[in-house]
C-alpha cells in the first residue's frame, strides 16, 4: 500500500492536518480562512511547506503573516495551483499559474523544484486534489 494512501478519501486540508508535519501550515490556513476551500473545493495541487520549511523563515515572519490576513492569503494561495498536477506532469509543465495569480517555475533537472523549494514528497493523494510537500515557504513576487 503506497505511503499516504489512507488519505485518499480525505480533503487536502484534512490530509495536511492529519499528517503531523504540517502544523504551522494548518495554523496559517485556519488564520487565513482557507480551511473550507481546501476542504470542499478543487481539484487543486497544493505545494505544502512542512514545519521544517516554516522553521527556516526569519524569526517573527510567521507571526507577522498571521497578523496580516491579506498578505497571509496571498502567500498561501501562491502555493495552490488549480487542477491536479502530478509529479510526472511537471516534466511537461515548467510553470504553473497559482490561485494567487503569479506563476511558479518548475525545474525537473535534478528531482523536482518549485521556485527555490525542493519537493520532498510528491503525489500525496487527497479527495480534492494532490499535495506535494516542499522544504521552503514560497513567497509571491511583490
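The values are calculated or read from the model by the stated rules, or taken from the named source; none is laboratory data. Just so it is clear, the structure is predicted and the values come from calculations on it, not from any experiment. No Cβ is skipped: glycine too gets one built from the backbone with ideal geometry, and neighbour counts run over all protein chains shown.
Key figures
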{"item": "Number of the exception - residue 79 against (1) at pLDDT below 95; (2) surrounded by 21 or more Cβ atoms within 10 Å (Cβ to Cβ)", "result": "(1)"}
{"item": "Single unsatisfied condition, residue 86 versus (1) touching a residue at least 24 places away in the same chain (Cβ under 8 Å); (2) surrounded by fewer than 18 Cβ atoms within 10 Å (Cβ to Cβ); (3) in contact with a helix residue (DSSP H, G or I) (Cβ under 7 Å, 6 or more places away or on another chain)", "result": "(3)"}
{"item": "Qualifying residue in the range 45-52 (condition: over 19 Å from residue 16 (Cβ atoms), part of a helix (DSSP H, G or I) and without any contact (Cβ under 8 Å) to a residue 40 or more places away in the chain)", "result": "no"}
{"item": "Residues (part of a loop (DSSP other than H, G, I, E, B) and in contact (Cβ under 8 Å) with a residue 24 or more places away in the chain) located in the range 102-122", "result": "102, 112"}
{"item": "Residues of the range 40-73 satisfying the condition of being modelled with pLDDT of 95 or more and closer than 21 Å to residue 128 by Cα", "result": "43, 44, 45, 46, 47, 48, 49, 50, 73"}
{"item": "Restricting the range 58-82 to residues that are touching a helix residue (DSSP H, G or I) at 6+ places or on another chain (Cβ under 9 Å) and in a loop (DSSP other than H, G, I, E, B), the residue that is farthest from residue 26 (Cα to Cα)", "result": "67"}
